[in-house]
Amino acid sequence: MLSPPHAGCYAVALAAVALSRPRPLYSSLFQHRSLAFSSRASLRFNLSSGMEHFSTKGSMDKKEGLVEQLKHYGMIKSDKVAEVMQIVDRGLFVPEGSPAYVDSPMPIGYNATISAPHMHATCLELLEEHLQPGMRALDVGSGTGYLTACFAMMVGPQGRTVGVEHIPELVASSINSIKRSAASSLLNEGSLSVHAADGRKGWPELAPYDAIHVGAASPDIPRALLEQLKPGGRMVIPVGNFFQNLKVVDKNDDGSVHVYSEASVRFVPLTSRAAQLQDY
């Protein structure tokens, strides 16, 4: 989960894309503790591969429009990712009255936010091959439960999806949101669950996982999460302190790991509940 903005301070920052192997290039916007998107701001992306630019003003009032925009500008390439982001209504997972379909992070209380749609799309794209029907997914720092619900829809009723969030109030509200969403039957049937716990320790009861997503930045990759990642599986996790990179961790069949940086980002620390609520 990204950090909440200070009120009245609006800016957009461009995140550099750091790659350790050839792959399609794209830019990723990041959210700093003192930065936030304005719905009236003109958003500008720098597409590194061609140095092309685009801007868009205002907000989109329909989830379909948001998904189409993300597809148009290359943030969504997979039909499956587009489908799940349309099926799982983001509007059910943001505070009432929030502009749900603007490509911006939004405060959800408890010094936390729901990530911007482009960041959700990025993580879903990176994990898609590890979110096939019947697979297992772990969402650490599950927050509102939006991405957890997307994972559950992708792995289906034969798979298993676990959300771990250390703020009990967010766990309760995320379960209520999921109950109103397209993923409700998966929650009722037990293939999707959300738990109040320290995400740094993962959820070993249902390990190993084909896909692990971490929604807060760790100084390094937690050993417990590496141990719970299935051989052949993939983890997406922001790593660093002030300077952070979205790391992609692929675990080989022999247990060794390959790690590369996908993009520069800015997330809150992966820390204790008490530390997160210190100034709340």
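Those strands (runs of 3 or more DSSP E) of the range 112-190 in which at least 1 residues are at pLDDT 95 or above, over 24 Å from residue 263 (Cα atoms) and of a type in the set (A, V, I, L, M), considering only elements entirely within it, cover 160-165. If you go through the range 262-272 and keep only what is crowded, with 16+ Cβ neighbours inside 10 Å and farther than 17 Å from residue 226 by Cβ, you end up with 262, 263, 264, 265, 266, 267, 268, 269, 271.
For the condition of a type outside the set (Val, Ile, Thr) and over 14 Å from residue 140 (Cα atoms), what is the one hit in 238, 231, 204? Matching residue, one of 238, 231, 204: 231. If you filter the range 53-83 down to residues that are modelled with pLDDT of 90 or more, among the small types (Gly, Ala, Ser) and outside any loop (DSSP other than H, G, I, E, B), you find that the one that is least open to solvent (accessible area, probe 1.4 Å) is 82. Scanning the range 87-97 for residues that are open to solvent by less than 40 Å² (accessible area, probe 1.4 Å) and in a loop (DSSP other than H, G, I, E, B) yields a count of 4.
Residues are listed down the side, and each one gets a yes or a no for (1) on the phi > 0 side of the Ramachandran plot; (2) touching a strand residue (DSSP E or B) at 6+ places or on another chain (Cβ under 7 Å); (3) modelled with pLDDT under 95:
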residue: 224; (1), (2), (3): no, no, no
residue: 263; (1), (2), (3): no, yes, yes
residue: 266; (1), (2), (3): no, yes, yes
residue: 276; (1), (2), (3): no, no, yes
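So is residue 236 of a type in the set (Val, Ile, Thr), touching a strand residue (DSSP E or B) at 6+ places or on another chain (Cβ under 9 Å) and over 21 Å from residue 160 (Cβ atoms) or not? It is false that residue 236 is of a type in the set (Val, Ile, Thr), touching a strand residue (DSSP E or B) at 6+ places or on another chain (Cβ under 9 Å) and over 21 Å from residue 160 (Cβ atoms). Out of 214, 239, 259, one residue alone is under 23 Å from residue 113 (Cβ atoms) and either at pLDDT below 95 or surrounded by fewer than 23 Cβ atoms within 10 Å (Cβ to Cβ) (or both). It is 239.
Scan the strands (runs of 3 or more DSSP E) fully inside the range 203-280 and keep the ones with 2 or more residues being touching a Lys or Arg at 6+ places or on another chain (Cβ under 7 Å) and among the aliphatic types (A, V, I, L, M). By residue number, 229-240, 244-251, 257-265.
Contact map, the range 164-189: residues that are farther than 17 Å from residue 273 by Cα and touching a residue at least 12 places away in the same chain (Cβ under 8 Å) paired with residues that are among the basic types (Lys, Arg) and part of a loop (DSSP other than H, G, I, E, B), Cβ distance under 8 Å, separation 6+ or inter-chain. No pairs are found. Regarding residue 174, is this residue closer than 15 Å to residue 151 by Cβ and of a type in the set (S, T, N, Q)? Judged against the criteria, residue 174 is a match.
The values are calculated or read from the model by the stated rules, or taken from the named source; none is laboratory data. Note that the structure is a prediction, hence the values are computed from the model and not measured. FYI the Cβ positions are ideal-geometry reconstructions off the backbone, even for glycines, and counts take in every protein chain you see. The accessibility values were calculated without ligands, DNA or RNA, using every heavy atom of the protein model including side chains. Shrake-Rupley method; radii C 1.70, N 1.55, O 1.52, S 1.80 Å.
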